[in-house]
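Here it is: the structure, laid out below.
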Amino acid sequence: MFGDFHTTLFPKYKIGEKFELSSGSTPSRDNKLYWDSGTINWVKTTEVINKEITETEEKITKFALENTSLKLFPVNTILIAMYGQGQTRGRSAILKVESTSNQACGAIFPNKIDNPVFIWHQLMLRYSELRELGRGGNQPNLNGQLIKNFELILPPLSLQNEFADFVAQVDKSQLAIQKSLEELETLKKSLMQEYFG
């Protein structure tokens, strides 16, 4: 549909030309007022694993949000792991709930003229290219400037939406298949108990 990135006729833009970027931070662990009974999602790079984020392992408090440099990212923000162990660097995720994040996550805010699902899937597809940007220097990390200069294909919104609708249908089918497999596994266990129990 969109062709190879390097030969496509669709326009290309640097991320920084079309999107606002930011990053997160980590409130002091020594201050219990930042963490105890927190209710606001706080994403770590270990959770940025090419998936939708609907919940986080750790949460910060409203006090932390109001008294630190943390920013609350809106739904459909795309997070990129800028550094991390193993395969972490270059992975991405999309927020399905408002969240904050640690400083190892770069955030691409949604705009009003591009489909965030299309952008996110393009970043996942080009994970190796994105990851390679961090090579060189003592520590192979990505940074905000490298992400800003990374180019994306941006076809007309109608085509981006068509792609996102297709992805939604595939995801729906995968969920239905997964549910059927789980039901079959439960049935199998029940029959095994009946035969050998």
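Derivation of every value follows stated rules applied to the coordinates shown; laboratory data play no part. Keep in mind that what you see is a predicted model, and the values were worked out from it rather than measured. We place every Cβ from the backbone using ideal geometry, glycine too, and count neighbours over all the protein chains shown.
Exposure proxy check: Ser23, Ser101 ranked by fewest other beta carbons within 10 Å?
Ser23, Ser101
Hey, in the GNM for the chain with a 10 angstrom Cα cutoff, which one of Phe73, Phe150, Phe166 fluctuates hardest?
Phe166
A further question follows. I need Val170, Val43 ordered by Cβ neighbour count within 10 Å, fewest first.
With the sparsest Cβ surroundings first, the list reads Val170, Val43.
Helix-only estimate, please: 222 nm mean residue ellipticity of the chain, summing -39500 (n - 2.57) across DSSP H runs of length 4 or more and dividing by its residues, to the nearest 500.
Theoretical 222 nm ellipticity from helices: -11500 deg cm²/dmol.
Picking from Gln87, Gln160, Gln174, which is most flexible by a Gaussian network model of the chain using Cα springs under 10 Å?
Of Gln87, Gln160, Gln174, the Gaussian network model singles out Gln174 as fluctuating most.
With labels modelled as points extended 7 Å from the Cα through the Cβ direction, what inter-label distance (nm, one decimal) is found for Leu191 paired with Tyr13?
5.5
Give the residue list of trypsin sites (Lys or Arg not before Pro) in segment 105-183 that are DSSP loop and have at most 16 other beta-carbon atoms within 10 angstrom.
Answer in residue order: Lys112, Arg135.
Compute the distance from the alpha-carbon center of segment 159-197 to that of segment 1-44, in whole Å.
Computed from Cα coordinates, the inter-centre distance equals 31 Å.
While we're on this one: Of the options Ala164, Thr88, Asn41, report the single residue whose Cα projects farthest towards the positive end of the charge dipole of the chain (beta-carbon charges: Lys, Arg +1; Asp, Glu -1).
Farthest towards the positive pole: Thr88.
Of Ile177, Ile80, how do they rank once you tally other Cβ atoms within 10 Å and put the fewest first? Could you put the intermediate results ahead of the total?
Working: Ile177 10, Ile80 28.
The fewest-first ordering by Cβ neighbours comes to Ile177, Ile80.
Among the listed pairs Lys12/Lys96; Lys71/Lys96; Lys44/Lys148; Lys12/Lys44; Lys51/Lys71; Lys14/Lys44, give every one whose C-alpha distance is greater than 24 Å.
Lys12/Lys96; Lys12/Lys44; Lys14/Lys44
Tell me which lysines have Cα within less than 17 Å of Lys188's Cα, excluding those fewer than 8 residues away on the same chain?
Lys179
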